[in-house]
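The values are calculated or read from the model by the stated rules, or taken from the named source; none is laboratory data. All values derive from a computational prediction rather than experimental measurement. Counting neighbours? That spans all protein chains shown, and the Cβs are built from the backbone with ideal geometry, glycine included. For accessibility, only protein heavy atoms count, side chains too; no ligands or nucleic acids. Shrake-Rupley method; radii C 1.70, N 1.55, O 1.52, S 1.80 Å.
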Amino acid sequence: MSIEEELKEQIEAPMVRLKYAFAMDVMQAKLRMMNADLTEQKSRQVIRNMSARIKTTDSIIKKLIRKGRKVCFKEAVGELNDIAGIRVVCYFCDDIYEVAEKIREQRDLRVIKEKDYVKNPKKSGYQSVHLIVGVPVTYLDKTEEVRVEIQIRSFAMDYWAELDTQMCYKKDAGQIENVEREIKAYSDVIAGVDNQMLELRRRIEKM
Ligand code: 0O2
């Protein structure tokens, strides 16, 4: 059996998938509650939509190789923070921090790592706030912390990231003249509009 086949068999084992799926379900239920809470506070919807996925085995293998790690179950589960991933799309860019704060307030979760690619966008122009949270999962009297990556971004940032994923991210398009420069420039334009929309909302709220 090849190392890829061995990893596939272990990572796709029903019990392993169940643990990740459970951790994502718990997190999504919490996020729905946080959205209800914020909606009540602000008299408007804060989260526009969310989605969840378990990383495919192919993508796990590619990421392990990209990170220079050994392709095996132990490295995948131990090193990758995003085998379980949730994407939260908010209406406005300031909502991102409201959601992140609500996650930090959850006493039964542990925020393991935070990355703010909104304040410090990636070279590509990618913007989002990433939180890695540990969700306790109990099975057969044993409690284990399962990591879930939560990507929080605005509707506008999501538009850019979705198109970037289709055209450039993890693709060779960056080698085409001007592509990297242009996609980064569009990210700046979108961020500008995102901030103007926020200012507009604030002016309207003051009335
Ligand atoms: P996929 O297929 O979306 O899952 P960590 O190990 O937690 O420290 P990690 O995961 O190595 O950090 O890197 P990072 O940059 O913090 O987060 C990576 C994820 O952010 C990616 O996951 C993408 O989902 C997203 N991302 C990062 N940069 C870009 C970008 O330039 N464009 C787009 N569209 N998305 C980006 P994966 O596993 O690479 O991909």
Any residue at all in segment 92-115 that's within 28 Å of residue 75 (Cβ to Cβ) and either touching a residue at least 60 places away in the same chain (Cβ under 8 Å) or in a helix (DSSP H, G or I) (or both)? yes
Return the pair list, or none, for Cβ contacts closer than 6 Å from residues in segment 180-197 that are over 17 Å from residue 165 (Cα atoms) to residues that are in a helix (DSSP H, G or I) and open to solvent by less than 30 Å² (accessible area, probe 1.4 Å), at least 6 apart or on different chains. 194/156
Would you check which residues across segment 77-91 are in a loop (DSSP other than H, G, I, E, B) and open to solvent by less than 80 Å² (accessible area, probe 1.4 Å) and list them? 80, 81, 82, 83
Scanning segment 63-83 residue by residue, those among the hydrophobic types (A, V, I, L, M, F, W, C) and more than 11 Å from the ligand (Cβ to nearest atom) turn out to be 65, 71, 72, 73, 76, 77
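Could you identify the single residue in 87, 48 that is at pLDDT 95 or above, under 13 Å from residue 155 (Cβ atoms), within 13 Å of the ligand (Cβ to nearest atom) and under 18 Å from the mean Cα position of the chain (by Cα)? Write out each step before concluding.
Working: 48 fails: within 13 Å of the ligand (Cβ to nearest atom).
When all the criteria are applied, what remains is 87.
So, residue 180, is that one at pLDDT 95 or above, among the acidic types (Asp, Glu) and either more than 10 Å from the ligand (Cβ to nearest atom) or surrounded by 12 or more Cβ atoms within 10 Å (Cβ to Cβ) (or both) or not?
Numbers: at pLDDT 95 or above: no; among the acidic types (Asp, Glu): yes; either more than 10 Å from the ligand (Cβ to nearest atom) or surrounded by 12 or more Cβ atoms within 10 Å (Cβ to Cβ) (or both): yes.
Here the answer is no, as residue 180 does not meet what is asked.
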I'm trying to understand the selection: among the residues of segment 145-173, which are touching a residue at least 24 places away in the same chain (Cβ under 8 Å) and part of a helix (DSSP H, G or I)? 155, 156, 157, 158, 159, 160, 161, 164
State yes or no: is residue 142 modelled with pLDDT under 95 and over 23 Å from residue 161 (Cβ atoms)? yes
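Across segment 116-144, what is the number of residues that are part of a strand (DSSP E or B) and either touching a residue at least 24 places away in the same chain (Cβ under 8 Å) or open to solvent by less than 80 Å² (accessible area, probe 1.4 Å) (or both)?
Number satisfying all stated conditions: 12.
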Out of all the residues in segment 138-156, is one or more β-branched (Val, Ile, Thr), on the phi < 0 side of the Ramachandran plot and near the ligand (Cβ under 10 Å from one of its atoms)? no
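Condition check: within 16 Å of the ligand (Cβ to nearest atom), open to solvent by less than 80 Å² (accessible area, probe 1.4 Å) and either assigned to a helix (DSSP H, G or I) or within 14 Å of residue 77 (Cα to Cα) (or both). Does residue 60 satisfy that? Talk me through it step by step, then tell me what you get.
Details: within 16 Å of the ligand (Cβ to nearest atom): yes; open to solvent by less than 80 Å² (accessible area, probe 1.4 Å): yes; either assigned to a helix (DSSP H, G or I) or within 14 Å of residue 77 (Cα to Cα) (or both): yes.
Judged against the criteria, residue 60 is a match.
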Among the candidates 1, 15, 34, residue that is under 20 Å from residue 134 (Cα atoms) and either open to solvent by less than 40 Å² (accessible area, probe 1.4 Å) or not in a helix (DSSP H, G or I) (or both): 34
